[in-house]
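Each value in this text was obtained by applying a stated rule to the coordinates, not by laboratory testing. Because the structure is predicted, anything quoted here is derived from the model rather than measured. Don't worry about glycine lacking a Cβ; one is built from the backbone with ideal geometry, like all the others, and counts go over all protein chains shown.
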Amino acid sequence: MSEDSSFLVSSLRDLVSDEAWAGLVDYPVRHRPAGETLLWQGTEGTQVLALVSGLVKVVRTDRDGRKRLLAFRGPGEILGEMALQRGDVRLADVQTMSICKVTVIPADDFRRLVREHRLAEPLAELATRRLKEQTEVHDGDVRERLVMALLRLVEVSGGARSFSLTRDELAQHIGVGRKLVSKALVQLGPALVQAGKSRVGVVDVEGLRKALDGPAAA
């Protein structure tokens, strides 16, 4: 995998006008602590959240109890819109990884905003990009997957370098075992990434980008 591979993920804020985004955040801002579940898998879609600041993770629990960390979302994103569009229950939890500020948009208001600001096309584009992101995170060897995931985290978070994240969660995200993640972290080295029990720190972003062009892991 080369440095030309895209790891940048556009948020809805990047795809809509200032006026449209202002409409989505024109609701009382709620402050949420790290470690809180904002949206629950299996519940009906009665509202959409606009993420003003902070970082969240999207986690699905499969029928056999296994968890999959599907994605990370940062400022400028909306959360929970798919359940509204499908008229179905939510397919995953959304959990805060840091202190977050969100606005809560009732379902009817969200549908009205979609009509008034012609958001159907940007929402479709967003869904396509998210699908591409989830496909790419499982592309390449373990080291490449890990590097891509970390670079996306930095980008999505707006440049943060330290994340509340375990090796198990990284493994869930890139679709491998925990031991393989630990091995890849050793291969990258502490000059690029430092990982503790519950936090991961990106030390050198440019070094990680260059690592995508480095020799593949054995």
Can you compute the helix-only [θ] at 222 nm over the chain? Use -39500 (n - 2.57) per DSSP H run of at least 4 residues, normalise by all residues, nearest 500 deg cm²/dmol.
-11000 deg cm²/dmol
Subtract the Cα-Cα distance of K197 and E121 from 0.36 nm times their separation in residues, and report this length gain in nm to one decimal.
23.2 nm
By count of other Cβ within 10 Å, fewest leading, how are L188, L131, L113, L208 ordered?
L131, L113, L208, L188
Within a Cβ distance under 9 Å of C100, other residues only, what is the Lys/Arg minus Asp/Glu net charge?
+2
Take R178 and E44, extend 7 Å from each Cα along the Cα→Cβ direction, and tell me the distance between the two endpoints in nm.
3.9
Roughly how tilted is helix 142-156, in degrees to the nearest 10 and between 0 and 90, from the longest Cα axis of the chain?
40
Could you state the number of Å between the C-alpha centres of region 3-73 and region 148-218?
21
Set of lysines near K183 by C-alpha distance (under 23 Å), chain-local residues within fewer than 8 positions excluded
K67, K197, K210
Which lysines have a Cα lying under 18 Å from the Cα of K101, excluding residues fewer than 8 positions away in the same chain?
K57
Please give the contour-minus-distance gain from K210 to K132: 0.36 nm per residue of separation, less the Cα-Cα distance, rounded to one decimal in nm.
25.9 nm
